[in-house]
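Quick notes on the structure that follows.
The values are calculated or read from the model by the stated rules, or taken from the named source; none is laboratory data. Just so you know, these numbers come straight off a predicted model, no measurement behind them. Note that each Cβ is placed from the backbone with ideal geometry, even for glycine, and that neighbours are counted across all protein chains shown.
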Amino acid sequence: MIAPATHDTGSAWLAVPAPDAQSVFMSSGTWSLIGVENTEPVLTSESRELNFTNEGGAYGTYRYLKNIMGLWMAQCVRRELIVRDGDAPSFAELADMAAAAEGEPSLVDVNDQRFLAPASMIDEVRDACYDTGQRVPETIGELMQCIFCSLAKAYAGAVADLSRLTGTTYRRINIVGGGCQNAYLNQVTANACGIPVYAGPVEGTALGNIMVQLIATGGVAGLPAARALVRQSFEIKEIEPQR
């Protein structure tokens, strides 16, 4: 029997096709797990205060990461629209609506507890904008623009914290999981972080499981070779930041 990383994020982390130690990893779905891969844990008080954690990974590695709100807010909005209207735009259409929204987006703190289980995510986002004296999103496109740009701002803050905590300048973000298909979120993330985003593959958890089996049975020489195989086998979209 071959034991994989025994955790969905652990397996997804293995499948991140990062070429070197200057890569930020993100598993993007309902939640966003953003961090880096280390060979030693980071145990400073600042790391603890900033809510980063060290999770044991395969092959003697540590997933040094932070849990940030992911597409949960978008999922809640879509579900609310289905209940209200009997139908709703697809997630791809919601991203397109956000991209088409005009004007400077309002921004909210996506990690605020108020967004975990509100009676209405649409009303909660609008109320948060009103409470902070910003333009209140009126259309669904403006609402989604606010959500996605707010996520990107949170990601940028996490990357800046990672750089300070590890003393490393990061030059790219590799995103795996279902959220990597959101072209608009990828672009605003690249813009906010000021570094390229590499999106894909989508099925990171399954691939990470397969990679462990390949390594164990001698199909590939080790983790670097397995990641190189992922880069060669799947389309990885590069998104450059727009100034």
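Check off (1) at negative phi; (2) within 12 Å of the chain's Cα centre (by Cα) for ALA183 and give me the number that stays unchecked.
The one condition ALA183 does not meet is (2).
Among the residues of the range 17-56, write down those that are surrounded by fewer than 20 Cβ atoms within 10 Å (Cβ to Cβ), of a type in the set (Val, Ile, Thr) and assigned to a strand (DSSP E or B).
Scanning the range 17-56 gives a single hit, THR53.
Exactly one of these conditions fails for GLY133: (1) out of contact with any Asp or Glu (no Cβ under 8 Å at 6 or more places or on another chain); (2) part of a helix (DSSP H, G or I). Give me its number.
GLY133 satisfies all of (1) out of contact with any Asp or Glu (no Cβ under 8 Å at 6 or more places or on another chain); (2) part of a helix (DSSP H, G or I) except (2).
Looking at (1) surrounded by 17 or more Cβ atoms within 10 Å (Cβ to Cβ); (2) in contact (Cβ under 8 Å) with a residue 40 or more places away in the chain; (3) over 19 Å from the mean Cα position of the chain (by Cα), find the lone condition where TYR59 falls short.
Every condition holds for TYR59 apart from (1).
In the range 191-216, what residues are small (Gly, Ala, Ser) and more than 28 Å from GLU40 (Cα to Cα)?
Scanning the range 191-216 gives a single hit, ALA192.
Kindly establish whether SER32 is of a type in the set (S, T, N, Q), in contact (Cβ under 8 Å) with a residue 24 or more places away in the chain and in the same structural domain as LEU185 (by TED's automatic domain parsing).
The answer is yes for SER32.
Residue-by-condition table, conditions (1) in contact with a Ser or Thr (Cβ under 9 Å, 6 or more places away or on another chain); (2) assigned by TED's automatic domain parsing to the domain that holds ARG79; (3) more than 20 Å from ASN182 (Cα to Cα):
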| position | (1), (2), (3) |
| --- | --- |
| GLY103 | no, yes, yes |
| LEU107 | yes, yes, no |
| GLN113 | no, yes, yes |
| GLY133 | no, yes, yes |
| GLU138 | no, yes, yes |
| ALA156 | yes, no, no |
| ALA160 | no, no, yes |
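So, SER11, is that one in a helix (DSSP H, G or I), touching a helix residue (DSSP H, G or I) at 6+ places or on another chain (Cβ under 6 Å), of a type in the set (Ser, Thr, Tyr) and closer than 22 Å to LYS237 by Cβ or not?
Working: in a helix (DSSP H, G or I): yes; touching a helix residue (DSSP H, G or I) at 6+ places or on another chain (Cβ under 6 Å): yes; of a type in the set (Ser, Thr, Tyr): yes; closer than 22 Å to LYS237 by Cβ: yes.
For SER11, the condition - in a helix (DSSP H, G or I), touching a helix residue (DSSP H, G or I) at 6+ places or on another chain (Cβ under 6 Å), of a type in the set (Ser, Thr, Tyr) and closer than 22 Å to LYS237 by Cβ - is met.
In this structure, is ALA101 out of contact with any Phe, Trp or Tyr (no Cβ under 7 Å at 6 or more places or on another chain) and either free of Cβ contacts under 8 Å to residues at least 24 places away in the same chain or more than 16 Å from VAL77 (Cβ to Cβ) (or both)?
For ALA101, the condition - out of contact with any Phe, Trp or Tyr (no Cβ under 7 Å at 6 or more places or on another chain) and either free of Cβ contacts under 8 Å to residues at least 24 places away in the same chain or more than 16 Å from VAL77 (Cβ to Cβ) (or both) - is not met.
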